[in-house]
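This report concerns only the one structure given below.
The values are calculated or read from the model by the stated rules, or taken from the named source; none is laboratory data. These figures come from a predicted structure and were not determined experimentally. Backbone-built Cβ (ideal geometry, glycine too); neighbour counts: all protein chains shown.
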Amino acid sequence: MSNPDMSNSRTAQHKIGSGFGATSTADDVLRGIDLTGKLAIVTGGYSGIGLETTRALVGAGARVVVPARRPDTALKALEGLVGVEVDALDLGDLESVRGFADRFLATGRTVDLVIDNAGIMACPETRVGPGWEAQFATNHLGHFALVNRLWPAIEPGGARVVSVSSRGHHFSGIRWDDVHWRRSYDKWQAYGQAKTANVLFAVHLDALARDRGVRAFALHPGGILTPLQRHLPKEEMIASGWIDEDGVPIPQPGLKTPEQGAATQVWAATSPQLDGLGGVYLEDCDIAGPAPEDGERVGVKPWAKDPEEAARLWALSAELTGVDAFAARG
């Protein structure tokens, strides 16, 4: 694996005044942007904010490939959208990742936008593959393998790669002595580690790839009630004030609609305001600032931006998945 100069062309982690905000929608940030002829890959692009992302990109003229763990469900959800393809992909199964990538590369097409949107949250302790913790494996390792395997199609297009993280990364850095939570599993801290991994992935990918014209971003989409909450007991969501006894969402300040929740990842993937930038964490359609010391869950934690942590995670991920598109580069 190459060891890029992390000080070269780094983007400052502070707001740039995009003119958009928490209530902006995916359609808002795409207004005036023509994506005709562009090809996007959106994992999980058939549910929640992923579906809204697909709709917005197609509306702006892009063709969108949606890798889906449930292809039949995806086809139904995307019915009527012109310019969308669905193919099978289970991010928790590295052979499935290989199969999807091989099929896509066989088409000879290049990719302009990759949005690693799919994920799971706060699930009961679950093991996939060779006993890997499911959130780390699905949210991070599956996407790591996917992007590295698709690299021959990503590099020629000078693509943007968008890693959908969360303010959940505040819960935990990388637990280096037990990344698969074989001791004292905590579903929220495990989720936090996986979301930190999503940010670190973008940090190091951007450092490796920017000299080839490929830039990477990570982001928090906002608080949105979507199927991502499917693993949470109803009682827990009631206690958190998210839903009432009948399961109806309770309006609360700061809660976004799916259309608003999709905005930051669409902005990250397409906005000319981010030309020449990369390796940063975004929220509310802008570059986020550092997390404040008072514990408020906004901005990005230092452990998710540390270039040494990012390089260490990349090396571990390459070892675990057996794939690294940059391994042969000096």
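Values computed for the structure shown
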item	result
Tally, over region 143-157, of residues that are closer than 15 Å to residue 213 by Cα, surrounded by fewer than 24 Cβ atoms within 10 Å (Cβ to Cβ) and of a type in the set (A, V, I, L, M)	1
Pair list, Cβ under 9 Å, 6 or more apart: region 21-41 residue part of a strand (DSSP E or B), other residue among the acidic types (Asp, Glu)	39/112; 40/112; 41/116
Residue match in region 47-55 (condition: over 22 Å from residue 155 (Cα atoms), touching a residue at least 12 places away in the same chain (Cβ under 8 Å) and among the basic types (Lys, Arg))	yes
Number of positions in region 279-330 that are of a type in the set (A, V, I, L, M), farther than 18 Å from residue 12 by Cβ and modelled with pLDDT under 95	2
Unique match (being at pLDDT 95 or above and touching a Ser or Thr at 6+ places or on another chain (Cβ under 9 Å)) among 209, 263	263
Sole exception among (1) of a type outside the set (Phe, Trp, Tyr); (2) surrounded by fewer than 21 Cβ atoms within 10 Å (Cβ to Cβ); (3) closer than 30 Å to residue 131 by Cβ for residue 76, by number	(3)
Looking only at region 114-128, and only at residues there that are in contact with a helix residue (DSSP H, G or I) (Cβ under 6 Å, 6 or more places away or on another chain) and not β-branched (Val, Ile, Thr), the one that is surrounded by the fewest Cβ atoms within 10 Å (Cβ to Cβ)	123
Considering residues of region 183-215 that are of a type in the set (D, E, K, R) and touching an Asp or Glu at 6+ places or on another chain (Cβ under 8 Å) only, the residue nearest to residue 153 (Cα to Cα)	212
Residue in region 314-330 that is surrounded by the fewest Cβ atoms within 10 Å (Cβ to Cβ), counting only those that are in a helix (DSSP H, G or I) and among the aliphatic types (A, V, I, L, M)	315
Residues of region 93-124 satisfying the condition of being of a type in the set (S, T, N, Q) and more than 18 Å from the chain's Cα centre (by Cα)	96, 107, 110
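Okay, residues lined up against (1) surrounded by 15 or more Cβ atoms within 10 Å (Cβ to Cβ); (2) in contact with a helix residue (DSSP H, G or I) (Cβ under 8 Å, 6 or more places away or on another chain):
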position	(1), (2)
268	yes, yes
278	yes, yes
281	yes, yes
296	no, no
299	yes, no
305	yes, yes
312	yes, no
